[in-house]
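Read-outs: derived from the displayed coordinates by stated rules, not from any lab. What you are looking at is a predicted structure, and each value in this text was computed from that prediction instead of being measured. So basically every Cβ, Gly included, is an ideal-geometry build from the backbone, and we count neighbours across all protein chains shown.
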Amino acid sequence: MRVLGLETTCDETAAAVVRLKPDGSGEILADEVMSQIAAHAAYGGVVPEIAARAHVEVLDGLIARALEKAQVRPSELDGIAAAAGPGLIGGVLVGLSAGKGFAIAVEKPFLAINHLEAHALIPRLDGRLQFPYLLLLASGGHTQILAVEGVGEYVRLGATMDDAIGEAFDKTAKLLGLSYPGGPAVEAAALEGDPNRFALPRPLLGRPTADFSLSGLKTAVRHAAMAAAPLSSKDVADLCASFQAAVVDTVEDRLRVALGLYRKQGKLATALVLAGGVAANMAMRATLSRFAQQSGMPMIAPPVKLCTDNGAMIAWAGIEKLRLGRTDDLAAPARARWPLDPRVERARNNKA
Ligand code: KG4
Ligand code: ZN
């Protein structure tokens, strides 16, 4: 089984071909990613209109290159998967329309993939990770803790009430004059810094729900930076180290609560899995690996290339659905919002 995967929900345009091997694992035959970071850098964040136009310009070429690298003819594909959300709607429409058009042209099944689901399932690419597992999904746009119980079966245990963790890194970087995207820049600066110099808050620490709130921490960083101004490079490094330590402490505490909530449901997670761009953070990996070990389960973090947005995760999610006999209608809509846990969506609709 071979599936083409297209990703255009944010600022990466990606096309990949993944093959399902007989042993149940996946092999990435091609994984083409074109980042738009340079186009957005001047603005310190992703500009939706610029992103959508950039996807249009490069997607066709990326698909051609992915198929060529994978040495797969379109007629040899078993399915076409495209991210249908959640994300910036202009970009989502570009990839989704391209995927549908391609599926019609080659007369193959179409799969409309939830981008978050793709982040959640890609750690299963090696064929070893079993359901259910506890997932920390932390990227520039999302921060949630999920129990992944099966393909299409997700229980949300906690989520951010304001900023996403990656967003907090990006905003901290911008505030301190570091480059965009902020995560890697803050992490690099933090290596030289003292995490104990600034006493920053650990929001919601000890609360019984597994939700996050990061806007207060962001404000505390701003106040600390203003108080220490003008900032030397040592000040910046210390602020980054203190901020990162606060985030890592918070994440560990929230995961501890989430694990407790899940155990209360009488369920046992097989592993703690990290996904999303923030999972690239080595300080986070080190602390959470220790936490997982103490909790009696392994921590699994896919290679960094698969943690950040890519096409292989969309193709793999397509394979996970296709091998269960699931496909999607060509009428599948592009969705700016698309929670993984249906109960979350129902709760929101009831409120509205
Ligand atoms: O998953 P991703 O590539 O894109 C989406 O947001 O969907 O995640 C990008 C986010 C950015 O906010 C970036 O600053 C953050 O992940 N990030 C990091 C690191 N590398 C990327 N955050 C902390 N430490 C890192 N090393
Ligand atoms: Zn993502």
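Neighbours of residue 224, meaning other residues whose beta-carbon lies under 15 angstrom from its beta-carbon, give a summed charge of +3 when Lys and Arg score +1 and Asp and Glu score -1. The residue 60 and residue 35 beta-carbon pair, evaluated with R₀ = 25 Å, returns a calculated FRET efficiency of approximately 0.90.
Of 204, 274, 137, which has the largest mean-square fluctuation in a 10 Å C-alpha GNM of the chain? Largest GNM mean-square fluctuation: 204. Gain on full extension, evaluated as 0.36 nm per residue between residue 270 and residue 105 minus their Cα-Cα distance, stands at 55.3 nm.
For the pair residue 42 and residue 227, a Förster radius of 35 Å applied to the C-beta separation gives a FRET efficiency near 0.75, rounded to the nearest 0.05. For the chain, the number of Lys pairs separated by eight or more positions or lying on different chains, with C-alpha atoms closer than 16 Å, is 5. With contributions of -39500 (n - 2.57) from each DSSP H run of at least four residues, the per-residue ellipticity at 222 nm computed over the chain stands at -14000 deg cm²/dmol. Normalised by the number of residues in the chain, the mean separation of alpha-carbon contacts (under 8 Å, six or more apart) gives a relative contact order of 24 percent. Other residues with beta-carbon under 10 Å from the beta-carbon of residue 299 carry, at +1 per Lys or Arg and -1 per Asp or Glu, a net charge of +2. Full extension of the chain between residue 304 and residue 78 gives 78.6 nm of extra length, using 0.36 nm per residue less the Cα-Cα distance.
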